[in-house]
């Protein structure tokens, strides 16, 4: 019994981590700027806060899926839904132009805009998680 529970924990935990790793890769593809270069090479706080918010925005519904799912397959489906919603949000928001251009402002290192991006991502994650609580 204990071994079965431990194996189930491992399966769900490793899957959740793999979803996060996949998200880290895909998020960098859907944003029009190079998140990793901005963060690790240019020390861009705006990009870091925005990206961090996106990670939290994914992990909140992942948590909801972990505690609400009735099976591994159910969890996997909701984990993918959470990831796709967060990626669609990032893709859409970073394509805004003009004075509301997240791309331009984050690339320039505008911390308030990066913070807004982070909070919007977290908010999307919370709404996503709440929607999963059926």
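Observations on the model:
- Secondary-structure-derived ellipticity at 222 nm for the chain, considering helices only, amounts to -26500 deg cm²/dmol, per-run term -39500 (n - 2.57) for DSSP H runs with n ≥ 4.
- Range of Cα positions in the range 1-91 per principal axis (Å), largest first: 50, 23, 17
- GNM flexibility winner over the chain from 80, 124, 67 (Cα, springs under 10 Å): 67
- Packing-based order for 25-36, 7-18, using average beta carbon neighbours within 10 Å, highest first: 25-36, 7-18
- Here the range 34-131 yields Rg over Rh of 1.05, to two decimals, using C-alpha coordinates and the Kirkwood radius.
- The range 1-48 - convex hull of alpha carbons, volume per residue in Å³: 78
Each reported figure results from applying straightforward, stated rules to the coordinates on display, with no laboratory input. From a predicted model like this one, the values you see are computed outputs, not experimental measurements. Every residue, glycine among them, receives a Cβ derived from its backbone with ideal geometry; neighbour counts consider all protein chains shown.
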